[in-house]
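Inspection log for the structure reproduced underneath, given as structure tokens.
The values are calculated or read from the model by the stated rules, or taken from the named source; none is laboratory data. Quick caveat: nothing in here was measured; it's all calculated off a predicted structure. Neighbour counts run over all protein chains shown; Cβ positions are idealised from the backbone, glycine included. For accessibility, only protein heavy atoms count, side chains too; no ligands or nucleic acids. Shrake-Rupley method; radii C 1.70, N 1.55, O 1.52, S 1.80 Å.
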Amino acid sequence: MLKLKNKKAGTAPAADTRRRSSGSPQGITARGNALRRLATLGLLIAVVPAALGFAYLILVREPAMEQRLVGRVATALASGQAAGIDRLLKQLSARLESAAGSPLALSAIASESGEDLALVEQTMLDYFPEVVSLRIIPIGEMGTANLQGGSRGLRNHIEVDLVRRAGEGASTTPEAYQFEGKWLTSVASRVTHPRITERRAVIIATLDNDMLTSQLQALDSAAGRSTLEQQFTRPNGTAHTDVIAAAGSGGATDLTHRAEIPDTTWRVAFTPSIGLVDSLSADRLPLFAALALCLLGAIAALATLASRFPKVLAREVNRVISVADKKSTLELAVPELVSLARQLRRATLRNLRQEGEPQQAPGEVGVETVTARPEELTNPMFHTGSILDEEDEEVLELELDGEGEPGPDFPEHIFRAYDIRGNAASELTDELVARIGAAIGTIAGEMDEQTLIVGCDGRTSSPRIKSALIRALMEAGRDVVDIGLVPTPLLYFATRHLNCRSGVMVTGSHNPPLDNGFKIVLNQHTIHAGGIQQLRERMVAGDFSSGNGRMIREDVVQAYVDEVVHDIAIAVPLKIVIDAGNGATATIAPHLFEELGCEVVPLYCEVNGNFPNHPPDTSDEDNLADLALAVEREGADFGVAFDGDGDRLAVVTGSGRIVRSDILLMIFAQDVVSRNPGTDVVFDVKCSRNLTDVITRHGGRPVLWKTGHAFMKEKMAETGALLGGEFSGHMFFGERWYGFDDGMYAAGRLAEILSTQGDSLDDTIADFPATVSTPEILIPVPEEKKFGIVQDIIDGADFAEGKVNTMDGIRVDYANGWGLLRASNTSPALTARFEADSEDVLEAIKDEFRSRIRQAAPDTEITF
């Protein structure tokens with residue numbers, strides 16, 4: 001019981017209060033129309049962002065996408081034309097060399113007789129109708145071409161210089177020049193008699209550039225203008241370009257793209273025609289129509305709301321007034337009226353009690369003891385749109401005062417750049433997994449993704465976590481397809497193979513055995529920073545959907561094996577050692593490669609979530625020692641290791657040499673780009689810059705991007721790239737496959753390349769440029785400090801001699817090497833990597849980075 005002071009004088013009877021409420025009480029007036037103002041404001045809020053969004057689409061995004069599309073088409077066409085010219089020149093050179101090696105030509109070279117040489121020249125011309133002229137010029141005892149005091153019929157100093165350089169053994173390239181108003185091209189090469197080595201000659205052949213023009217005309221002239229350009233440097237040092245052949249017509253000069261022709265100073269420039277540009281441009285009429293429909297829809301919705309809401313509000317107010325003096329429960333459709341209804345009920349009941357009490361004399365103030373119910377001593381509250389009776393209000397007040405179930409409490413650091421990862425026992429509790437599942441299920445439902453696929457790796461904690469996750473997804477109203485214990489790539493595959501596009505993989509990936517986590521795919525897109533943050537915010541808010549989902553089990557392993565076997569053809573059977581590391585690939589990987597026709601030597605191919613033989617991290621080269629020994633012992637062609645969930649791979653050659661992933665990506669790039677000139681190849685900031693040279697040399701376009709499998713897949717989708725890779729071992733094939741990271745499929749493509757080419761893996765990588773480099777280096781730092789340390793180095797460091805790239809951490813490229821430092825997305829550490837042309841340069845680059853780290857974080861233990 002509580003004592004409250006209450007003035008009795010002047011208390012109005014409740015009956016009078018109710019009577020006034022039906023009319024228009026004194027002192028209460030209406031000013032303006034708030035509903036109309038709200039409707040206008042709502043219309044502006046709906047229309048302005050929609051208009052701005054469509055303006056962005058129409059004026060910015062669509063033109064930019066069209067320009068990128070035209071650029072890709074123009075680059076591809078220029079590359080195709082360049083490849084055709086290159087092929088033409090190589091065929092001509094090969095034919096000339098073959099003719100020069102004929103017995104007749106060798107006899108004339110041996111005799112050095114002018115008449116014999118003239119006869120051979122004429123005979124060779126009969127076999128080369130496309131050649132305007134051909135000269136065979138002997139090389140004298142001094143090792144230079146013998147022009148016999150004249151020019152031997154050479155047209156100008158360009159041909160003379162070509163003969164001189166060829167005679168001296170220097171490398172020559174085709175030279176184009178104008179002669180008597182026509183463009184001609186000359187090629188020269190030195191020929192040595194196979195038995196009389198002192199007898200040598202220079203063969204110089206000249207062809208009309210109309211032949212090159214005909215090659216350019218192979219492309220439809222309506223597509224655009226193709227020009228063959230020759231680049232050279234004038235004596236004064238200025239660069240100059242001549243157009244030596246051309247075909248077609250093009251008007252979009254600002255969209256010209258070029259492709260270099262190997263072993264020449266030539267390049268092909270392609271300028272698309274206005275017609276080609278128009279054919280690749282999207283019709284904007286549907287966007288304008290959609291904008292109009294959105295505006296009309298917004299206006300209609302707000303008009304309907306403005307017309308209906310006053311009626312609903314009036315009906316609700318009448319219901320509130322009608323039960324103001326009753327103890328019955330009232331359900332309202334407008335929750336915002338609950339507090340008003342409760343206050344009105346309290347005031348009405350208080351006045352009704354006061355009506356029957358004795359009145360005090362005018363001016364007398366007394367103290368009275370009254371019984372106060374809980375709802376009269378607290379602020380107004382509502383719960384699911386209803387006015388609660390006294391017992392329900394007491395329970396609700398206890399919950400809101402903190403004596404009920406506590407609010408969300410979870411470690412924020414488990415929400416990483418592109419997945420969720422933490423200690424399975426102490427952090428990924430059943431309660432937290434349930435909240436994560438509820439948030440995923442809710443967001444999936446908002447995206448109209450009714451069904452989610454769920455799989456897990458072989459960790460000991462995975463069954464428990466998967467069970468809690470499935471239960472939460474079903475309680476959120478989602479249906480679940482359980483595909484069991486599988487590698488992560490099979491979950492990605494299932495989103496393409498089954499009739500559902502979303503899924504969750506329970507996996508700790510390459511992390512230690514006690515860790516676990518989630519990789520999440522929604523609508524066939526692996527979510528990363530933005531999606532993970534949205535998920536975390538939904539968990540904090542506790543705004544979850546509810547329902548009763550269903551679950552079925554599905555086996556996708558055989559379907560995956562069948563599709564890979566159908567795609568990959570291994571010409572010659574190979575012997576392969578497979579180290580599954582006791583991870584999720586332990587059963588499927590040996591079976592897959594046996595189906596591909598390989599002889600498989602299994603190593604640690606039993607699932608064991610404790611990883612008893614070595615950690616499941618393939619990026620740590622110490623974990624590949626057993627594989628290297630097994631490959632050498634078994635005499636295998638190569639060995640491959642997979643991480644804990646199979647989306648990464650590491651490769652070892654037949655000699656036991658570890659093939660770092662950027663070298664492996666060079667092998668894949670040569671193969672893919674050779675079939676798809678002009679395609680993009682995406683790779684992360686940890687990769688060798690030699691990779692850029694290899695991609696460019698084979699006609700591809702290198703694209704440097706952020707580290708992280710989700711970021712890489714997003715960039716590949718954005719650029720239309722057919723190949724991507726990370727230094728950590730993630731490989732992404734858009735050609736013949738689905739574009740997701742799959743260690744087993746990548747190993748199959750490697751086996752296909754080696755079996756087709758016939759070279760060993762050791763011989764294949766020997767052709768790439770030799771550099772000195774480090775593996776990925778981990779520098780332990782506190783989780784909460786790692787990003788700050790890198791930012792301090794970016795803000796304060798002055799790498800005057802290098803080119804700085806801060807796309808992902810800080811990468812500095814020097815003339816003869818590079819260094820990288822970034823914050824790890826998956827562990828409490830900084831990661832570093834270095835590459836240089838020599839050990840001395842490598843150490844100098846390391847020293848500079850050590851100095852920057854010590855300045856930014858003096859207490860950090862530097863591990864390189």
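Accessible surface area normalised per residue over the stretch 662-726 is 29 Å², counting heavy atoms of protein chains with a 1.4 Å rolling probe. Summing Lys and Arg as +1 and Asp and Glu as -1 over all other residues whose Cβ lies under 9 Å from the Cβ of residue 185 gives a net charge of -2.
With the charge dipole of the stretch 732-823 set up from +1 on Lys and Arg Cβ and -1 on Asp and Glu Cβ about the Cα centre, the Cα lying farthest toward the positive end among the listed residues 781, 800, 818 is that of 781. Solvent-accessible surface of the stretch 415-530, averaged per residue with a 1.4 angstrom probe and all protein chains in place: 30 square angstrom. The protection proxy used here, the mean number of other Cβ atoms lying within 10 Å of each residue, ranks peptides 488-499, 287-298 as follows, highest first: 488-499, 287-298.
For the stretch 587-594, 3J(HN,Hα) computed residue by residue from phi via the Karplus equation (6.51, -1.76, 1.60; θ = phi - 60°) reads 8, 6, 5, x, 4, 4, 6, 5 Hz, glycine and proline entered as x.
First compute the accessible area of the stretch 476-552 with a 1.4 Å probe, then give the percent of it belonging to carbon and sulfur atoms.
Roughly 47 percent, rounded to a whole number.
Using C-alpha pairs under 8 Å with a sequence gap of at least 6, the mean separation divided by the residue count of the stretch 725-864 gives a relative contact order of 22 percent.
The portion of the accessible surface of the stretch 109-260 made up by carbon and sulfur, rounded to a whole percent, is 47 (1.4 Å probe; DNA, RNA and ligands excluded). Computed over neighbours whose Cβ is under 13 Å from that of residue 267, the net charge equals -4, Lys and Arg +1, Asp and Glu -1.
How charged is the neighbourhood of residue 441? Take every other residue with its Cβ under 9 Å from the Cβ of residue 441, and add Lys/Arg as +1 and Asp/Glu as -1.
0
The candidates 199, 536, arranged from most to least accessible area with a 1.4 Å probe in the full protein assembly, appear as 199, 536. Across the stretch 185-201, coupling constants 3J(HN,Hα) worked out from phi with the 6.51/-1.76/1.60 Karplus curve, θ = phi - 60°, read 10, 10, 10, 9, 8, 8, 10, 10, 5, x, 10, 10, 5, 7, 8, 9, 8 Hz, and Gly and Pro carry x. Its Cα centre serving as origin, the stretch 796-843 has a Cβ charge dipole (Lys and Arg +1, Asp and Glu -1) of approximately 360 debye. Accessible surface computed residue by residue for the stretch 168-248, with neighbouring protein chains in place and a 1.4 Å probe, gives 50 Å² per residue.
Packing-wise, with mean Cβ within 10 Å as the measure, how do 115-121, 233-239 rank, highest first? Please list the in-between numbers first.
On the way: 115-121: 16.3, 233-239: 7.0.
My ranking of the peptides, most packed first, is 115-121, 233-239.
Between residue 515 and 424, the built amide H atoms are under 5 Å apart, and every one of these is 5 or more places off in sequence or on another chain. Phi angles across the stretch 803-812 convert, under the Karplus curve 6.51 cos²θ - 1.76 cosθ + 1.60 with θ = phi - 60°, into 3J(HN,Hα) values of 9, 9, 10, 10, 4, 8, x, 9, 10, 10 Hz, Gly and Pro given as x. Could you work out what % of the accessible surface of the stretch 582-702 is carbon and sulfur, using a 1.4 angstrom probe and leaving DNA, RNA and ligands out of the count? Using a 1.4 Å probe with all protein chains present, the stretch 582-702 comes out at 44 percent carbon and sulfur. Each Cα pair under 8 Å and six or more residues apart adds its separation to the average, and for the stretch 200-335 the resulting relative contact order is 18 percent.
The relative contact order of the stretch 597-690, computed from alpha carbon pairs under 8 Å that lie at least 6 residues apart in sequence, is 18 percent.
Which shape class applies to the stretch 168-213: rounded if a/c is under 1.5, otherwise prolate when a/b exceeds b/c and oblate if not, where a ≥ b ≥ c are the square roots of the Cα gyration tensor eigenvalues? Intermediate values should be presented prior to the final figure.
Details: a/c = 3.34, a/b = 2.95, b/c = 1.13.
Prolate shape, in that a/c is at least 1.5 and a/b is the bigger ratio.
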